[in-house]
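Enquirer: Right, I'll just put the structure down here and ask away after.
The values are calculated or read from the model by the stated rules, or taken from the named source; none is laboratory data. Values in this document were obtained by computation on a predicted structure and should not be read as measured data. Here the Cβ positions follow ideal geometry from the backbone for every residue, glycine too, while neighbour counts run over all protein chains shown. The accessibility values were calculated without ligands, DNA or RNA, using every heavy atom of the protein model including side chains. Shrake-Rupley method; radii C 1.70, N 1.55, O 1.52, S 1.80 Å.
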Amino acid sequence: MIRMMQHQYADLGRQFAIPTLPEKIGHPKILLWNQPLAEQLGLDLTETEQAQYFSGQKLFSGSKPVAMAYAGHQFGHFNPQLGDGRAHLLGEFNNLRRQIQEIHLKGSGRTPFSRNGDGRCAIKPAVREYIMSEAMYALGVPTTRTLAVVTTDETLFRQQPTTGAIITRVATSHLRIGTFEYFAARGLYVELEQLVDLAIDRHYPQINKNEPNKYIKLLSHVIDKQIELIVNWMRVGFIHGVMNTDNILLSGETIDYGPCAMLEVYNPATVFSSIDESGRYAFANQPNIAQWNMVRLAECFIPLIDDNQNHAINQVMPLLEGFVPTFKTAYYLMLAHKLGFNEANPAIKKLSQELLVLMQQNQLDYTQTFDYLTSSLQSKQSPHPTFNDWYEKWQMLLTENNASSHETSMLMRQNNPLLIPRNYHIEAVLAHVETHQSAERVWKFLKPLESPYTLTETTEKYQKPNPEFNESYQTFCGT
Ligand code: AMP
Ligand code: MG
């Protein structure tokens, strides 16, 4: 059965999205197909159909492919025109839960926004996005997902010649802060208003579109979602790497798995992205940047809120100023959960801060340490000799907290993954895929990552940290 697509976003008009067809390519072949996600989307296709549709060679009926317009602050500098330079929004499907899902191809050819780019995506970044987004999904982190990776018969010239690929991203929307900035920078307030209404319809239907306060409410909800997202990133040790405003969605889903990587040895200053020389997007700087990004979004809303700019600013300031305290509360609650507490009182906050310091001083692995602590509820053994005093304090506070040991253990297990997609495994899998054009290693690697909070047959195989690897590890924006 071939499904009908909707084209809500394309219908906003040419200023938002320029009708553009994916380019013709030879021999599209399906490399990765996400069967559970396909089922949620109600898709039942043969392999040939998968490759044809998700390389843009064939279009679903109702599809109106477009390249979306957006701007963005990249490393703090405003670029008024970015846009989909190598991507096409095919349209939307309703999933089985009747939620709208946008279907977006990346690597599908040049568009009016391509500038000097070739419009293509290489196989390694495509597979990287598949693995990382699906691992994040299983870890319970809000994220866009990946339906398919198709390879093409084209050779791309990057640092070395490589195979071309097209990835299909599924997102509840692609409304980025940069989408709003695009229209705000041009003084196109009618269009800006349309975007606000779309964001409300899609993501925050609890807001009444007819009330004058809707912009403030929208900003407030987006801030809450953004805090929830960053707290989740920090819970599992995710470093996004390129939190430019064009890579931040109003839905609060993670998007753009370019130079992202996992924090392994705990160090708040960890950066892997080769272009992030100043550490702007370092692990522990992510909340500051998220707040900075929210200020950029608020600026877009100012002209809509009130003709008097000062009045408008007075309305958004409390929300922006509230970001840091709200974030801190959520962050310490998350750390408390990782240590088995239901709340974060001052003693528990201090305890979690001390743990982070110990981890950093002893260069311990973030995931492994929390996993050891979780298992130690049974063995009652400190994971590291220098931890003994801390460990005793922790045990005492747990007793004072008087939750049952079962509850404590459950809470810790739910918040501390046994397994994360470690950087050296990712790179080994990608090298294998590129050389052999085979998905076998990807499926093996993803299998235990599908249930990262439970021990499976192959969990242990991928648990071991590799600190030496990370010392010189560098990631790149996926071009
Ligand atoms: P990204 O690094 O994927 O977030 O991309 C940033 C901007 O560069 C977006 O406007 C992309 O569409 C554009 N871009 C990245 N790679 C290419 C490419 N190979 N061809 C055309 N545009 C590209
Ligand atoms: Mg991007």
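Enquirer: What do you reckon, is residue 151 within 13 Å of ligand 1 (Cβ to nearest atom), at negative phi, at pLDDT 95 or above and of a type in the set (Val, Ile, Thr)? Don't jump to the end; show me each part of the working.
Expert: Working: within 13 Å of ligand 1 (Cβ to nearest atom): no; at negative phi: yes; at pLDDT 95 or above: yes; of a type in the set (Val, Ile, Thr): yes.
Taking the combined requirement at face value, the residue does not satisfy it.
Enquirer: Here is a further query. Which of the residues belonging to segment 362-403 are open to solvent by less than 60 Å² (accessible area, probe 1.4 Å) and of a type in the set (Asp, Glu)?
Expert: Result: 365, 371.
Enquirer: Which residues, counting only those in segment 23-50, are over 25 Å from the mean Cα position of the chain (by Cα) and surrounded by 15 or more Cβ atoms within 10 Å (Cβ to Cβ)? Reasoning before the result, please.
Expert: Of all residues in segment 23-50, those over 25 Å from the mean Cα position of the chain (by Cα) come to 23-29, 44-49.
Residues satisfying the conditions are 23, 25, 28, 29, 45.
Enquirer: May I pose another question? Quick check: is even one residue across segment 62-71 among the hydrophobic types (A, V, I, L, M, F, W, C) and open to solvent by 10 Å² or more (accessible area, probe 1.4 Å)?
Expert: Here is the first cut: in segment 62-71, the residues among the hydrophobic types (A, V, I, L, M, F, W, C) are 66-69, 71.
Retained after the next criterion (residues that are open to solvent by 10 Å² or more (accessible area, probe 1.4 Å)): none.
Checked against the condition, which is being among the hydrophobic types (A, V, I, L, M, F, W, C) and open to solvent by 10 Å² or more (accessible area, probe 1.4 Å), segment 62-71 yields no hits at all.
Enquirer: When segment 251-269 is examined, which residues are found to be more than 12 Å from the chain's Cα centre (by Cα) and buried (at least 21 other Cβ atoms within 10 Å of the Cβ)?
Expert: Filtering segment 251-269 down to residues more than 12 Å from the chain's Cα centre (by Cα) leaves 262-269.
Result: 262, 263, 264, 266.
Enquirer: Given the options 139, 105, 147, name the one that is within 16 Å of ligand 2 (Cβ to nearest atom) and open to solvent by less than 10 Å² (accessible area, probe 1.4 Å).
Expert: On the way: 139 fails: within 16 Å of ligand 2 (Cβ to nearest atom); 147 fails: within 16 Å of ligand 2 (Cβ to nearest atom).
Exactly one of 139, 105, 147 is within 16 Å of ligand 2 (Cβ to nearest atom) and open to solvent by less than 10 Å² (accessible area, probe 1.4 Å), namely 105.
Enquirer: Within segment 108-132, work out how many residues are more than 8 Å from ligand 1 (Cβ to nearest atom), open to solvent by 10 Å² or more (accessible area, probe 1.4 Å) and within 24 Å of residue 5 (Cα to Cα). Break it down stepwise before answering.
Expert: Initially, segment 108-132 is screened for residues more than 8 Å from ligand 1 (Cβ to nearest atom), giving 108-109, 112, 122-132.
Then keep just the ones that are open to solvent by 10 Å² or more (accessible area, probe 1.4 Å); that gives 112, 124-125, 128.
Checking the rest, the ones that are also within 24 Å of residue 5 (Cα to Cα) come to 112.
So the answer is 1.
Enquirer: Test residue 45 against the criterion of being out of contact with any Lys or Arg (no Cβ under 8 Å at 6 or more places or on another chain) and more than 16 Å from ligand 2 (Cβ to nearest atom), and give yes or no. Write out each step before concluding.
Expert: Numbers: out of contact with any Lys or Arg (no Cβ under 8 Å at 6 or more places or on another chain): yes; more than 16 Å from ligand 2 (Cβ to nearest atom): yes.
Taking the combined requirement at face value, the residue satisfies it.
Enquirer: Show me the strands (runs of 3 or more DSSP E) found entirely inside segment 22-140 where at least 1 residues are among the basic types (Lys, Arg) and farther than 30 Å from residue 281 by Cβ.
Expert: On the way: elements: 29-33, 66-68, 72-74, 77-79, 87-94, 100-106.
Correct list: 29-33.
Enquirer: Taking into account only those residues within segment 150-186 that are part of a helix (DSSP H, G or I) and of a type in the set (Gly, Ala, Ser), which is most open to solvent (accessible area, probe 1.4 Å)?
Expert: 185
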